[in-house]
Amino acid sequence: MVKAVVAGAAGGIGQPLSLLLKTCPLITELALYDVVNSLGVAADLSHISTPAKVTGYLPPDDGGKKAMKDADIIVIPAGIPRKPGMTRDDLFNINAGIVKGLIEIIAEVAPKAYILIISNPVNSTVPIAAEVLKAKGVFNAQRLFGVTTLDIVRAETFIAEASGNKSVQSINIPVIGGHSGETIVPLFSQAKPSFSVDDEKLAALVNRVQFGGDEVVKAKDGAGSATLSMAYAGFRFAEKVLRAMNGEKGIVEPSFVYLQGVPGGEEIYKATGCDFFSVPIELGTNGAEKALNPLTNLTDKEQTLLKACTEALGGHIKKGVTFANSAPPQK
Ligand SMILES: NC(=O)C1=CN([C@@H]2O[C@H](COP(=O)(O)OP(=O)(O)OC[C@H]3O[C@@H](n4cnc5c(N)ncnc54)[C@H](O)[C@@H]3O)[C@@H](O)[C@H]2O)C=CC1
Ligand SMILES: O=C([O-])CC(=O)C(=O)O
């Protein structure tokens, strides 16, 4: 029996993500929570002929607690998205409180759940979640993930386009660091299969992965940010976590984790000075079982990107930690 929850299920990401989760045979119960419209989304999805039993919850009558009670995996795309001209950090003032409130509920009713955070700014919302869980005495770093899969999905797509590789799904590329602008570090030198483009094209590819989110925000012109590609990416990561929980071996995907709480993370922490960092993670029945060190054999250009990443990321992490420890409990 596997209970999955989507918090923010009626939103632009939440709806297609819930649809994809409804198609996953590994899930037996799918609880959809939102502050609006979740009952309608649940009724709609409940007619699909797949095993997961779908239920919807709104805040009244402790709906959040009921939705998340005893969940095995909770995916969080709750919060406002960007409009043109905004940075992800501009979302902090609203989304920090939303994530804090949801994690407070999870700490109480589902302390063992795997938590996958999509809400931006991921570089700060994941540290907020960790601090709240620590304060409640239920933090398990191996079960808290910032979802950075969309950066990997973009890198795979853009390499396939640039190199003319027709089998995009065979491409593997680590993207490390954080999830905003210069904190996103694609390691094209470690792409499999390897590929080569001239320096100018490589710089353009790096820039496109780092600022791919802006491309969508601009095209949507005030109607939000990436939702469909994010739902795909969120499902891809959630499904890998579920398959690993189910005993499948050898599953690796980068994710933004608390390095010092994941085996193998300590040496990456020492090298970067960042408590939280996205690196390839080996997933298993205990969640993040091993952080794989991608920092050996970086090219000079990648070293420069890494330096810019760690300089900015440290501040984002600190902002989240400070907020978590100073804001009052959310309602
Ligand atoms: N990690 C990543 O790679 C990506 C992250 N995002 C982020 O995901 C978040 C959601 O984006 P969209 O779905 O486009 O936004 P949206 O506005 O369409 O949906 C957000 C949903 O969250 C709900 N919500 C707000 N407060 C809530 C609470 N306390 N509890 C439960 N639900 C609540 C809203 O009612 C809404 O239905 C944004 O912060 C966005 O920046 C977006 C794309 C990629
Ligand atoms: O750009 C945004 O605000 C949404 C996001 O995180 C992405 O698309 O990578």
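Every read-out reported here was derived from the displayed coordinates using simple, explicitly stated rules and does not represent laboratory data. Predicted model, so just to flag it, every value in this text is computed and none were measured. Glycine also receives a Cβ, built like all others from the backbone with ideal geometry; neighbour counts cover every protein chain displayed.
Summary table below
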{"quantity": "FRET efficiency, 1/(1 + (r/R0)^6) with R0 41 Å, evaluated for LEU20 and LYS301 via beta carbons", "calculated": "0.70"}
{"quantity": "Amide hydrogen neighbours beyond the local backbone of ILE176, cut-off 5 Å, H modeled", "calculated": "VAL185, LEU187"}
{"quantity": "Sorted by Cβ neighbour density within 10 Å, fewest at the top, the residues HIS316, HIS179, HIS47", "calculated": "HIS47, HIS316, HIS179"}
{"quantity": "Gain upon complete extension [ARG243, VAL2; 0.36 nm per residue less C-alpha separation]", "calculated": "85.6 nm"}
{"quantity": "For segment 67-152: relative contact order, % (alpha-carbon pairs under 8 angstrom, 6 or more apart)", "calculated": "34"}
{"quantity": "Distance between modelled label sites at VAL35 and LYS83, nm, 7 Å Cα→Cβ extension", "calculated": "1.7"}
{"quantity": "The chain: calculated mean residue ellipticity at 222 nm from DSSP helix runs of at least 4, using -39500 (n - 2.57)", "calculated": "-14000 deg cm²/dmol"}
{"quantity": "Normalised contact order of the chain, rounded percent, pairs of Cα under 8 Å and 6 or more residues apart", "calculated": "18"}
{"quantity": "Computed over the chain, Kirkwood Rh from alpha-carbon pairs, angstrom", "calculated": "19.8"}
{"quantity": "Label-reachable residues, segment 12-43, where backbone N falls under 19 Å from a point 7 Å from ALA223's Cα toward its Cβ", "calculated": "12-17"}
{"quantity": "Residue-span extension gain [LYS166 to ILE251] - 0.36 nm each, minus C-alpha spacing", "calculated": "28.2 nm"}
{"quantity": "Residue order, fewest to most surrounding Cβ atoms within 10 angstrom, among PHE237, PHE158, PHE139, PHE145", "calculated": "PHE139, PHE158, PHE237, PHE145"}
{"quantity": "Packing-based exposure ordering (other Cβ within 10 Å, fewest first) of SER229, SER326, SER46", "calculated": "SER326, SER46, SER229"}
